[in-house]
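Inspection log for the structure reproduced underneath, given as structure tokens.
The values are calculated or read from the model by the stated rules, or taken from the named source; none is laboratory data. The structure presented is a predicted model; accordingly, all values stated were derived computationally and were not measured. Reconstructed Cβ throughout: ideal geometry from the backbone, glycine too, with neighbour counts over all protein chains shown. These accessible areas exclude ligands, DNA and RNA; they are computed on the full protein's heavy atoms, side chains included. Shrake-Rupley method; radii C 1.70, N 1.55, O 1.52, S 1.80 Å.
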Amino acid sequence: MKSFDYQRAESVEQATSIAAGGNASFIAGGTNLLDLMKLEVLTPNVVVDINRLDLNSIEPNDDGGLRIGALVPNSTLAADARIRQHYAVLSRALLSGASAQLRNKATTGGNLLQRTRCYYFYDTASPCNKRHPGSGCSALQGQNRLHAIIGGSEHCIATHPSDMAVAMQALRATVEIEQTDGSRRQVPLQDFYCLPGATPQRENQLESGELITAVHLPAPIENSYQWYRKVRDRASYAFALTSVAAVTQLQSGMFSHVGLSFGGIAPRPWRDPEVEALLLGQAPSRQLFEKAADCLLADASGHGGNDFKIPLLKRTLIAVLSEAASVGGDA
């Protein structure tokens, strides 16, 4: 690990001031950052400890939703009674990720910002456009079983590893960001992550020194079916080959609300508004679900080792929608 300066921030303003304009990283739980620093994938000059900041509470919003502080541990968030009752898809997603020990340390903000688990990103001897733009993407012709089938580019096909972010995407979450001038802005999670395109080194909308302070969940959808289905190599402590987060509501036998998000298949938690629009206002049927899956996968493309994800995702989505239709209730 390369040497670095360590500073402990006593306020949000101080944290962003220290980090502004330099090669700095914020540290909270450190469950991903420390690994990357040990491997010298990341080599910040300054590490800013934000654990003393007042960002560890879950509070109601004026609109009936919740504001989740960026330092709320994943285990605390998953166990919160309001989350379990009204945002069950989020609780299920959190409990499907990592181990209990890591969930005790990992934070809400850190979970959103965790880096890809691409083998070549972690291997500093291999070309990787995320680490060194213009060096190439080793995964395109290499081991790419975990990699993207949607949303990638010739410069990068890495996937985003978060389960929590997939569920938050289905819930239409918004990210609250402290800017270096002391003002705050909110960005829908749908717009927070960047697709790789020709600049895979830029993964999100954060500017230098900016800090995630909270995530906002909208008011819950009453009488909704919520589920997170994760397909992986083993029953626990494994990243998704594919996952589906669903928040649906039925009224008079028709889908009156559809929120879908997909993990393990793209550089960001994937949402396709066309798929949701196709389902909305329609009566559930196997034919409809197959049509929705085909719409989702219209532009999907495997790279050899991950070709299996295309039929796997189709089967998983159809299974989740079928379950939503059978047990989702009718408001």
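Please list log₁₀ I(q)/I(0) at q = 0.13, 0.15 Å⁻¹ for the stretch 156-223, using the Debye equation with identical point scatterers on the alpha-carbon positions. Those come out to -0.43, -0.56, one per q.
Working note: Cα atoms of the stretch 40-118, range along each principal axis, descending, whole Å: 42, 27, 20.
Nonpolar atom fraction for the chain, defined as the carbon and sulfur part of the 1.4 Å probe accessible area, stands at 48 percent.
For the stretch 106-145, the fraction of alpha-carbon pairs lying more than 16 Å apart is 41 percent, rounded to a whole number.
Near residue 158, once Lys and Arg are set to +1 and Asp and Glu to -1 for all other residues with Cβ below 12 Å from its Cβ, the sum equals +4. Inverting the pair-averaged 1/r between distinct Cα atoms of the stretch 117-177 gives 12.9 Å as its Kirkwood hydrodynamic radius.
For the chain, the longest principal axis of the C-alpha atoms and the axis of helix 286-296 are separated by about 30°. Of all DSSP bridge pairs formed entirely within the chain, close to 85 percent run antiparallel.
Annotated for the chain: lysine pairs at least 8 residues apart or interchain, Cα distance under 14 Å, count 4.
Spin-label model, residue 84 to residue 51: label points 7 Å out along the Cα-to-beta-carbon direction sit 2.7 nm apart. When DSSP beta bridges are restricted to pairs lying wholly in the stretch 1-126, around 35% turn out antiparallel. A 1.4 Å probe run over the protein chains yields, for the chain, 43 Å² of accessible area per residue, whole-number rounding. Relative to the dominant Cα principal axis of the chain, helix 309-327 is inclined by about 60°. For the chain, the fraction of C-alpha pairs more than 28 angstrom apart is 41%.
Of the listed residues 40, 210, the order by accessible area with a 1.4 Å probe, largest first, is 40, 210.
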